[in-house]
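Participant: I'd like to ask some things about the structure below.
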Amino acid sequence: MKVLKFGGTSVGSAESIRTVIDIIGQEREPGSGLVVVTSAMSGVTNLLAEMATNAAAGQEFTAQLAELESRHFDAVKQLLDIPHQNPVYTRLKIYFNQLEDLLQGVFTLRELTAKTRDHILSFGERCSTLLLSRLALQHFQEVLFVDATEVIKTDSSFGQAKVNTGLTDLLIRNLVTENAGKILLVTGFIASNDAGQVTTLGRGGSDYTAALFGAALQATEIQIWTDVNGMMTADPRLVKKAFSLPELTYTEAMELSYFGAKVIYPPTMIPAFLKRIPIVIKNTFEPTFEGTFIRHDVKANNNLPIKGISSISQISILNLQGSGMVGKAGFSGRLFSLLAREQINVILITQSSSEHSITFAVQPEAAEKAQKLIIQEFELELLAQKLDAPVIEGNLAILAIVGENMKQTPGMSGRLFNALGRNGVNVRAIAQGSSEYNISVIISATDLAKAMNAVHDAFFTQFNKTLHVFCLGTGQIGKTLFNQLQQHGDYLQQNNSIQVKIAGISNTRQMLFNSDGLTLDTWQQQLEQHGEPADLAEFVARMKSMNLPNCVFVDNTASPQPIVCYGDVFKANISIVTCNKIGNSGPYSQYKKFKDTARKHGVDFFYETNVGAGLPIIRTLKDLMSSGDRVQKIEAILSGTISYIFNNFKGYVSFHDVVKTAQEKGYTEPDPRDDLSGKDFMRKILILARDAGYPMEAEEVQIENMLPQACLDAQTVDDFYAALKAEDAYFNNLKQQAESSGKVLRYIGKLDNGQASITLQMVDESHPFFSMSGSDNIIAFTTDRYRERPMVVKGPGAGAEVTAAGVFADLINVGAN
Ligand code: ADP
Ligand code: ASP
Ligand code: MG
């Protein structure tokens, strides 16, 4: 025989109740009986609890009572044939009258005992089950409504009663034997004590009712029908990427649900486990989906390192410390039996190995009571200052990772803490169950959503890791980056398992945010139509307050303003990717600070495009150094403009004409002297020198000026060109000198023994910079390993496409960490 349980949403509307009837029809094996346990309609238990509290506070409850009545009456009207409606109305009305009497009593006495509260709550399950049983009668023969207070017997711990399993088993078996072959529709959640008073099994307890029936009847299967596709890797309301788990062991299901996976009530697993009855969690709203099997012989199949991540969103912790605890046998025994006696549920305990302190977590409502109890119990120790006064810390949450595979897989906690650390989530306390089936951490409640998603990304790597990117600058590079992201987004997801969401964009005029990611093909319209006025400080503040996991700040500007924010961004544990050279080529102390702060906060600072646009120069240097090689010399041409000019300054052309053409082709700055002065080149050499380990300042880079004084003195760009023309002979002379000895002119940056310079040189055929074309950049690393022939990186070193591609590559590298 099977036992089916339908949760609140499954019986929450007429439409879903019809589906429930279909499912019952499908699951019932011909000729055999079936047990169907039902919860209250969704929201009803909460409503009843609210009415009870209101009544005790002397507040109105009649409007809520009317709401409750009409919800049930409406369902009757929609579901039952007219001749069947009246008897149900009558029966429901009797329930509502009893309920009203109870509430009236509470109202008059202004007192709500746990006993009365349970009695009040019991009407939710009674009404829903009655309704379902009468509808079932229209579809099946032999249907019986069962009020579980008649068969589930408990002690008198109202609110969370303990079941007398021996007696309960017996009563259930008798009931089923007497009603063999029938469909029993049983109220979930409720029971009764020896005196016949109504008790409840704890919130969410209908699952437990089903397990009690399953165990008593040695059912073949207990099916828990709910509103999600089984037990998932995390609560899908918190983690959008959560996915369904095909199977779990009882222990795993227990641990996940104990730490907040509400989809099944933790005690449910015990009777099922003892009798080895499989539990299947299924979705009423997608009945064909397989769901999750919880059973003994879970194949060690799936190679998931953990099964899931669950959380309790609000807890408080109490901290006890003092010398009186050290080596004192029985201290924690005294503490925890005190709490147990007073029915304070301790969710988690950690004790330092020195025994100097104990931290434990409780529901926020219980914290003050626990504190008072401890002060009473340990009065003497407190007086003698052997114990410090217990301190409550609130607004905390628990995040737990669970899975039996954890035991065999090293590095699980490392992965957990890395994900939390990189996202700036501070861990207040840690507990690892001795079973190694779970590791739980206590963190700030405000960080919970971010932490859940980050940890999910870290463990379930077969799915995409989501980067939340905040982009500053929508010029050529910014625009091109968005285009590239749009074009390659799918490829990135499939091949690198990285999904990039643009969560914020700002230029100097407007800014826009969207934690789900802006649509890339229409970002421009969205920014124009919905953007708010740009404000850099506000942009950074919003990025921080959105508190999203795996954040990256991308600076695609060439402005000094964003640089000021870098420190703050790193401190918020957000990585930075930038093509803006201004930061790294400022004072050395600033460069150093960026690096140190990023390292301290465990985030990345990538700026590959500072030196050679998309060419892998910074990365190559880093790889060489971190593999133990030593850089002896770096030579480079790192200006696309200057490269173009000298590559084309040959034959009969004049220098003036080449510069002019370069300008016409858009290679130069508006005033070509900004390129020819070597300033931009200097910044690149400076950054390289710093990355190579030299604490150099800009003034230390020696720049040989290639322009005659008259060209520098010219007032306007036109004047400059005139002066350049007048110096034709000077440049021709240089060119001829070079050509006559088989050489070419090259403006080369060099780092040699800690000295950096940029000079105009003539190089012959044997030099790696001899044959160059277009606006190529080139860099040659001479190192201990590459001593005979330097390692050369060469290729286009300017332009929006290649620069944006470099930024893109940096982003992917952040994603890979
Ligand atoms: P029912 O009323 O059917 O008993 P519940 O509301 O008690 O349903 O439990 C189902 C809910 O549990 C889901 O809607 C989901 O939001 C939540 N939940 C929390 N953690 C998990 C998880 N790991 N897997 C699936 N659902 C979860
Ligand atoms: N109706 C009860 C509750 O809301 C029991 C249950 O749904 O399992 O807690
Ligand atoms: Mg439930």
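Participant: DSSP loop trypsin sites (Lys or Arg not before Pro) in segment 430-504 with at most 14 other Cβ atoms within 10 Å of their Cβ, which ones? List each step's numbers first, then the result.
Facilitator: Numbers: sites: K450, K465, K479, K501; in loops: none.
Loop-located and lightly packed - none at all.
Participant: Follow-up. Measure off, as a whole percent, the carbon and sulfur share of the 1.4 Å-probe accessible area of segment 465-613, all protein chains present. If you can, show how the numbers build up before the last one.
Facilitator: Numbers: 2840 of 6180 Å².
Carbon and sulfur: 46 percent of the exposed surface of segment 465-613.
Participant: Could you work out the relative contact order of segment 308-459, using alpha carbon pairs under 8 angstrom and six or more residues apart, expressed as a whole percent?
Facilitator: Once divided by the residue count of segment 308-459, the mean separation gives 30 percent.
Participant: Could you rank the peptides 93-106, 146-159 by their average count of other C-beta atoms within 10 Å per residue, with the highest value first? All intermediate terms of the calculation are to be shown ahead of the outcome.
Facilitator: Values: 93-106: 16.2, 146-159: 20.3.
Output ranking for 93-106, 146-159: 146-159, 93-106.
Participant: Could you give the dipole magnitude of segment 375-459 about its Cα centre, charging the beta-carbon of Lys and Arg +1 and that of Asp and Glu -1, in debye to the nearest 20?
Facilitator: Values: 6 positive and 9 negative charges, 94 e Å.
Here the size comes out at about 440 debye.
Participant: Antiparallel DSSP bridges in the chain: what percent, to the nearest 5?
Facilitator: 60 percent
Participant: Name the residue from A40, S156, L201 whose Cα lies farthest towards the positive end of the charge dipole of segment 2-227, charges +1 on Cβ of Lys and Arg and -1 on Cβ of Asp and Glu.
Facilitator: Positive-most Cα among the choices belongs to S156.
Participant: Could I ask something else about it? Set Lys and Arg Cβ to +1 and Asp and Glu Cβ to -1, take the dipole of segment 617-797 about its Cα centre, and tell me which of L712, V793, Y747 lies farthest positive.
Facilitator: Highest projection toward the positive end goes to V793.
Participant: Now for a separate question. What is the local net charge at Q755, summed over the other residues whose Cβ is closer than 15 Å to its Cβ (Lys, Arg +1; Asp, Glu -1)?
Facilitator: Counting the neighbours of Q755, the net charge comes to -3.
Participant: Then there's this: Which percent of the Cα-Cα distances in the chain go past 48 Å?
Facilitator: Everything past 48 Å amounts to 41 percent.
Participant: Given H placed 1.01 Å from N in the peptide plane, which residues other than close sequence neighbours of L248 have an amide H under 5 Å from its amide H?
Facilitator: It is F293, I294, R295, by chain and number.
Participant: Let me ask something else about it. Which whole-number percent is the relative contact order of segment 2-227 (Cα, under 8 Å, 6+ apart)?
Facilitator: Numbers: 403 pairs, mean separation 67.5, N = 226.
Relative CO of segment 2-227 lands at 30 percent.
Participant: In debye, nearest 20: dipole of the chain around its Cα centre with unit charges on the Cβ of K, R (+) and D, E (-)? List each step's numbers first, then the result.
Facilitator: Details: 73 positive and 86 negative charges, 285 e Å.
The calculation lands at about 1380 debye.
Participant: Once Lys and Arg get +1 and Asp and Glu get -1 on their Cβ, which of V500, V564, Q526 lies farthest toward the positive end of the dipole of segment 465-613?
Facilitator: Highest projection toward the positive end goes to V564.
Participant: Please get the size of the charge dipole for segment 308-459, origin at its Cα centre, with Cβ charges of +1 on Lys and Arg and -1 on Asp and Glu, quoted in debye to the nearest 20.
Facilitator: The dipole magnitude comes to about 220 debye.
Participant: Let me ask something else about it. Can you order the peptides 591-597, 173-179 by their average number of other Cβ atoms within 10 Å per residue, highest first?
Facilitator: So the order, starting with the most tightly packed, is 591-597, 173-179.
Participant: Still on this structure, I have one more. Relative contact order for the chain using alpha-carbon pairs under 8 Å, separation at least 6, rounded to a whole percent? Each step should come with its number before you reach the end.
Facilitator: Details: 1582 pairs, mean separation 66.3, N = 817.
That works out to 8 percent.
Participant: Taking the C-alpha atoms of segment 617-797, how large are the radius of gyration and the largest Cα-Cα span, Dmax, in Å?
Facilitator: 16.7, 52
Participant: Can you compute the label reach from R341? Point 7 Å from Cα along the Cβ direction, backbone N cut-off under 17 Å, restricted to segment 357-373.
Facilitator: 369-373
Participant: I've got another one for you. Test of understanding: what is the full-extension gain from L383 to S589, defined as 0.36 nm times their sequence separation minus their Cα-Cα distance?
Facilitator: Answer, rounded to one decimal: 68.9 nm.
Participant: Still on this structure: If you wrap a convex hull around the C-alpha atoms of segment 465-613 and split its volume per residue, what is the figure in Å³?
Facilitator: Looking at segment 465-613, the number lands at 107 Å³ per residue.
Participant: Then there's this: Return the carbon/sulfur percentage of the accessible area of segment 630-671, one whole number, probe 1.4 Å, all protein chains in place.
Facilitator: 47 percent
Participant: Rounded to a whole number, what % of the accessible area of segment 2-227 do carbon and sulfur atoms account for, probe 1.4 Å?
Facilitator: Its accessible area is 49 percent carbon and sulfur atoms.
Participant: Excluding L48 itself, calculate the net charge of residues whose Cβ lies under 13 Å from the Cβ of L48, where each Lys or Arg counts +1 and each Asp or Glu counts -1.
Facilitator: Charge balance in the 13 Å sphere: -2.
Participant: Related question: If you add up the charges near F459, with Lys and Arg at +1 and Asp and Glu at -1, over every other residue whose beta carbon is less than 10 angstrom from its beta carbon, what do you get?
Facilitator: Cβ neighbours under 10 Å give a net charge of +1.
Participant: Return one whole number: the accessible area per residue of the chain in Å², for a 1.4 Å probe.
Facilitator: Per-residue value: 43 Å².
Participant: Next up: Using just the helices of the chain, give the 222 nm mean residue ellipticity in deg cm²/dmol: DSSP H runs with n ≥ 4 each add -39,500 (n - 2.57), and the total is spread over all residues, rounded to 500.
Facilitator: -13000 deg cm²/dmol
The values are calculated or read from the model by the stated rules, or taken from the named source; none is laboratory data. Please read all numbers here as calculations on a predicted model, not as lab measurements. Every residue, glycine among them, receives a Cβ derived from its backbone with ideal geometry; neighbour counts consider all protein chains shown. Surface accessibility is based on the protein's heavy atoms, side chains included, excluding ligands, DNA and RNA. Shrake-Rupley method; radii C 1.70, N 1.55, O 1.52, S 1.80 Å.
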